[in-house]
Amino acid sequence: MKMIRFSVGMACLSISFLVATATDASSQTATTSVAKPTVIGAIKDSAITPGVSATTQTADSPDAHLDNAVAALNKGDKATTTQELQTGIAGLEAAAQQKPTSFKDKLLAQASKLKALLPLIPTGALGSGVLGKAVSLAKLASGGNQLEGILAAGSLLGKGSQLTSGLSGIGSALSSLGGGTQSTGKSLISKALASVSKLDQGGLVAKAAEPVAKTEISSLLNLVKGAL
C-alpha cells in the first residue's frame, strides 16, 4: 500500500510540474507576442519621420538666397554666405537674360556689385551692413524687373497676386534703404496695392482698376530707377 501511495504521489508531482512548465511557457509566449507589435511600431515611426521632414521646402528665388547670405554673415558663417550669395547672383543674372526689361542693365550692374563683395567674405572684411545695403539694391532692381515684365506682357486682369508680390518685394527693399525714397515709395506702393487688389475681382471693377494700376506702378518704377 505504501508503494502504491508513493507512486501516486510521484505521479501527481510530475503532473503538477508539467502543468507549471506549460503555464510558464504560455506566459512567455504571450509576453513575446505582445512585445513584438511595440518593436514593429517603433520601426514604423522612425521610418515616417524622414518622410515628414523631406516635405519641407524652402524658397529658391534669388531674393531668398540673398537674404540667406545676409543672415549667414550675421552668424559668422562665411562658407554659407559665399554659397548663398553666389546662388543669388546667378539667379539675378538669369532673370535679366530670360526676362529682359529696361531694368536689365541695372539688374546686371547690381549683380556685378555683389560679385565684387565675394572676395571680402573669407577675409572677414565684409560687414553685414555693407552686404545688407547691396542686397537691398539688388532686390530693388529684381523687383523692378519683375513688375515691368508683367506690365509689358499686356493685360493686368487676373494678375493681382503677381503684382502684389512684386510690390511687396520692392517695399521691403525700400524699407532697408530708408531716406526720402522710402517715404515716397511707401506712398506709391500703398496706392498701387489698393488698385491691384481689384484686378482679380473681375467685371467692370477690374477693368476700371487696370489703367489706374498701370499708372501707379509705372510711377513707382520710375522712382526705383532713380534709386538705382
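For this structure, a couple of remarks:
- Options Ser136, Ser102: the member that is of a type in the set (Gly, Ala, Ser), in contact (Cβ under 8 Å) with a residue 24 or more places away in the chain, outside any helix (DSSP H, G or I) and under 17 Å from Leu221 (Cβ atoms): Ser102
- Boolean, Lys115 is of a type outside the set (Phe, Trp, Tyr), touching a helix residue (DSSP H, G or I) at 6+ places or on another chain (Cβ under 7 Å) and free of Cβ contacts under 8 Å to residues at least 60 places away in the same chain: yes
- Filter pass, Ser102 being under 18 Å from Ser175 (Cα atoms), among the hydroxyl-bearing types (Ser, Thr, Tyr) and out of contact with any Ser or Thr (no Cβ under 8 Å at 6 or more places or on another chain): no
- Against the list (1) under 24 Å from Ala152 (Cα atoms); (2) surrounded by 15 or more Cβ atoms within 10 Å (Cβ to Cβ), the condition Ser128 fails is (1).
- The listed residues are Ser112, Ser187, and the only one of them that is among the hydroxyl-bearing types (Ser, Thr, Tyr), more than 25 Å from the chain's Cα centre (by Cα) and closer than 30 Å to Asp77 by Cβ turns out to be Ser112.
- Hey, Thr82 buried (at least 17 other Cβ atoms within 10 Å of the Cβ), closer than 20 Å to Glu148 by Cα and among the hydroxyl-bearing types (Ser, Thr, Tyr) or not: no
No lab work stands behind these numbers, since they all come straight from the coordinates. Only a predicted model underlies this, so the values are computations on that prediction, with no experimental measurement involved. Every residue, glycine as well, gets a Cβ built from its backbone with ideal geometry; the counts of neighbours run over all protein chains shown.
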